[in-house]
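Take a look at the structure below.
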Amino acid sequence: MFGDNPNDAQLKAAWDAFCDQLKNASDLVFRDTTPSHDIDRAKGFRLLARNISLALQFNLENKNADFPELLHYFDPLRKQGGDNTDALYIGAPINGEHTYRIVGQRGSARYFAITVLEDGATPWGGAVVGSLVDDEIAVADDGSFELILSPDEHPGNWIKTTPGSWRVTFRQFFADWENEEPMIARIDRLGDLEHDADITPQQIQQGLVASAKWVRDSTFYWADMLDKWKVQPNTFLSYRQLDDNAIDATPGGEPLICYWQVPEDEVLVVRVKPPEADYWAVEFGNYWWESMDYRYRLCSTNCHHAVLEDDGELILVIAHQDPGVPNWLDPSAHVEGYITLRWIGADHYPIPVCEQMKREAMGDYLPKTMKTISPQARKEQLAARRLGVIKRFGY
């Protein structure tokens, strides 16, 4: 019973504090800038609940930089910070004073990048120490690769670490969801190490405190960020135009983000001619900076899936009912949220133009020659999404 162990009071106090901090994190859902619709209130609480597991992963379960594991961050059930609908984000903790070897199969994701971060001011770390992107990473004919993270120079794939280096992150962006293969890899700290399976009450206490703090800090951080776009709706702006925080932005092309507010009787049409690029994508989500449920809803497109007009123009339509166009972005019962465009490795970086109108005016606005999609093709389009997600995540 309670008191049989001298650490019982300490452990119970840590658990109680963890629960109390999580309760206080609900302040986020009721801020003045938060939408008051049922769905936004509900998803605000779901956001907090979803990210408890990620906080525990970072601060308790996968915190040991001597025995790190490459684990994924986001998936269809756990999101924040404008997760890329095409992405598989994987990372591990490191200590920049030590040497690590990462080996495995690169896979065939259209975009592949590795970054090393220092600990820093944001919940996701600070400055980027170094990165390797796509062809900068030497891959053998059989698809295998090896990467060294170390303060000392090594031949081949190497990222120089600093004493403050804290985490390595892999970004894989998939264009052809059903056919591109994800990376399979492991990370090992080099040296003669013996794993200690013991865990102390102090480690649990520290992990719970840090996890509860991370849930609050990370969710408030991203909501505060998106509020900066919310005051300028229907305008595409980059992070750097609105915020000077050091953030681990995707190497090769910083996202352009736009806040949308579309009542049920209106539509928003977004038009742009995509550039020649190594990869480009459109992402779409809610106020909480979570993508919509991309397994079952049309909430993204990219350089592989998008249907362009004969002149090369991309026309996206945000509408609450299916408008019968190929590049429909489904608000999924929301009336506000974000849309992101990424041009990576592009020959130029065009800014999309937005036009908002009543739904009945859309037919007069859109080009008479605009391509359409049949109900059967729409069903096939939706079915392919879930198959692609299963390919990427295994479920």
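The values are calculated or read from the model by the stated rules, or taken from the named source; none is laboratory data. Since we're looking at a predicted model, the values are computed, not measured. Here the Cβ positions follow ideal geometry from the backbone for every residue, glycine too, while neighbour counts run over all protein chains shown.
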> Do we have Pro251 as surrounded by 17 or more Cβ atoms within 10 Å (Cβ to Cβ), at pLDDT 95 or above and not hydrophobic (A, V, I, L, M, F, W, C) here?
Replying inline: no
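What number of residues within segment 284-314 are under 15 Å from Ala175 (Cβ atoms) and either assigned to a loop (DSSP other than H, G, I, E, B) or not assigned by TED's automatic domain parsing to the domain that holds Cys258 (or both)?
Number of matching residues: 7.
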> If you go through segment 336-362 one residue at a time, how many are surrounded by fewer than 20 Cβ atoms within 10 Å (Cβ to Cβ), out of contact with any Asp or Glu (no Cβ under 7 Å at 6 or more places or on another chain) and over 25 Å from Arg110 (Cα atoms)?
Replying inline: 7
> Do we have any residue at all in segment 349-364 that's assigned to a loop (DSSP other than H, G, I, E, B) and charged (D, E, K, R)?
Replying inline: no
> Here is a list of conditions, (1) part of a helix (DSSP H, G or I); (2) free of Cβ contacts under 8 Å to residues at least 24 places away in the same chain, and Asp32 meets all of them except one; can you say which number that is?
Replying inline: (1)
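Looking at Ser131, Ser150, Ser165, Ser144, can you tell me which residue is surrounded by 18 or more Cβ atoms within 10 Å (Cβ to Cβ) and over 30 Å from Leu256 (Cα atoms)?
On inspection, the qualifying residue turns out to be Ser150.
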>> Condition first: of a type outside the set (A, V, I, L, M, F, W, C), surrounded by 13 or more Cβ atoms within 10 Å (Cβ to Cβ), over 14 Å from Gly207 (Cβ atoms) and in contact with a helix residue (DSSP H, G or I) (Cβ under 9 Å, 6 or more places away or on another chain). Now tell me which residues in segment 14-42 satisfy that.
In response: Thr34, Pro35, Asp40, Arg41
>> Checking Arg297 against (1) charged (D, E, K, R); (2) within 18 Å of Ala277 (Cβ to Cβ); (3) in contact with a Ser or Thr (Cβ under 7 Å, 6 or more places away or on another chain), only one condition comes out false. Which one?
In response: (2)
>> I'm told Asp330 meets every condition in (1) charged (D, E, K, R); (2) surrounded by fewer than 16 Cβ atoms within 10 Å (Cβ to Cβ); (3) within 29 Å of Ala42 (Cα to Cα) except one. Can you identify the failing condition by its number?
In response: (2)
> Where residues in segment 256-283 are in a strand (DSSP E or B) and among the acidic types (Asp, Glu), which of them is farthest from Phe174 (Cα to Cα)?
Replying inline: Glu266
>> Just to be sure I understand the filter: pairs with C-beta atoms under 8 Å, separated by 6 or more residues or on different chains, first member in segment 350-373 and of a type outside the set (Phe, Trp, Tyr), second member part of a helix (DSSP H, G or I). Which pairs pass?
In response: Glu355/Tyr365; Met357/Tyr365; Ile373/Gln381
> Do the conditions hold for Ile390, that is, is it among the aliphatic types (A, V, I, L, M), surrounded by 15 or more Cβ atoms within 10 Å (Cβ to Cβ) and closer than 29 Å to Gly107 by Cβ?
Replying inline: no
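Here are Tyr349, Tyr395, Tyr338: which of them is at pLDDT below 95, in contact with a helix residue (DSSP H, G or I) (Cβ under 9 Å, 6 or more places away or on another chain) and of a type outside the set (A, V, I, L, M)? Working first, answer last.
Values: Tyr349 fails: in contact with a helix residue (DSSP H, G or I) (Cβ under 9 Å, 6 or more places away or on another chain); Tyr338 fails: at pLDDT below 95.
Going through Tyr349, Tyr395, Tyr338 in turn, the sole match is Tyr395.
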> Which numbered condition trips up Leu54, out of (1) within 14 Å of the chain's Cα centre (by Cα); (2) surrounded by fewer than 17 Cβ atoms within 10 Å (Cβ to Cβ); (3) of a type in the set (A, V, I, L, M)?
Replying inline: (2)
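Among the residues of segment 360-381, is there at least one that is of a type outside the set (Lys, Arg) and closer than 29 Å to Gly44 by Cβ?
Taking segment 360-381 and keeping what is of a type outside the set (Lys, Arg), we get 360-367, 369-370, 372-377, 380-381.
Subset that is closer than 29 Å to Gly44 by Cβ: none.
So far as segment 360-381 goes, no, none of its residues is of a type outside the set (Lys, Arg) and closer than 29 Å to Gly44 by Cβ.
Within segment 86-102, is even one residue of a type in the set (A, V, I, L, M, F, W, C), modelled with pLDDT of 95 or more, closer than 19 Å to Gly164 by Cα and in the same structural domain as Ser165 (by TED's automatic domain parsing)?
Our first condition is that a residue be of a type in the set (A, V, I, L, M, F, W, C); within segment 86-102, this holds for 87-88, 90, 92, 94, 102.
From what is left, the residues that are modelled with pLDDT of 95 or more are 87-88, 90, 92, 94, 102.
From what is left, the residues that are closer than 19 Å to Gly164 by Cα are 92, 94.
So of that shortlist, the ones also in the same structural domain as Ser165 (by TED's automatic domain parsing) come out as 92, 94.
The answer is yes, given that some residue of segment 86-102 is of a type in the set (A, V, I, L, M, F, W, C), modelled with pLDDT of 95 or more, closer than 19 Å to Gly164 by Cα and in the same structural domain as Ser165 (by TED's automatic domain parsing).
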> Does segment 164-173 include one or more residues that are farther than 30 Å from Val389 by Cα and among the polar types (S, T, N, Q)?
Replying inline: yes
>> Go through (1) outside the structural domain of His334 (by TED's automatic domain parsing); (2) surrounded by fewer than 16 Cβ atoms within 10 Å (Cβ to Cβ); (3) aliphatic (A, V, I, L, M) for Val231 and report which single condition fails.
In response: (1)
> When only residues in segment 101-116 that are touching a Ser or Thr at 6+ places or on another chain (Cβ under 7 Å) and within 20 Å of Lys63 (Cβ to Cβ) count, which is surrounded by the most Cβ atoms within 10 Å (Cβ to Cβ)?
Replying inline: Val116
> Here are Arg46, Arg50, Arg101, Arg41: which of them is assigned to a strand (DSSP E or B) and of a type in the set (Lys, Arg)?
Replying inline: Arg101
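Within segment 186-220, restricting attention to residues that are surrounded by fewer than 19 Cβ atoms within 10 Å (Cβ to Cβ) and under 24 Å from the mean Cα position of the chain (by Cα), which residue is farthest from Leu71 (Cα to Cα)?
Here is the first cut: in segment 186-220, the ones surrounded by fewer than 19 Cβ atoms within 10 Å (Cβ to Cβ) are 186, 188-206, 209-210, 213, 217, 220.
Retained after the next criterion (residues that are under 24 Å from the mean Cα position of the chain (by Cα)): 186, 210, 213, 217, 220.
Details: Arg186: 10, Ala210: 19, Lys213: 21, Asp217: 21, Phe220: 24 Å.
The qualifying residue farthest from Leu71 (Cα to Cα) is Phe220.
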>> Just checking: which of the strands (runs of 3 or more DSSP E) contained wholly in segment 118-229 hold 1 or more residues that are touching a residue at least 40 places away in the same chain (Cβ under 8 Å) and acidic (Asp, Glu)?
In response: 144-150, 184-189
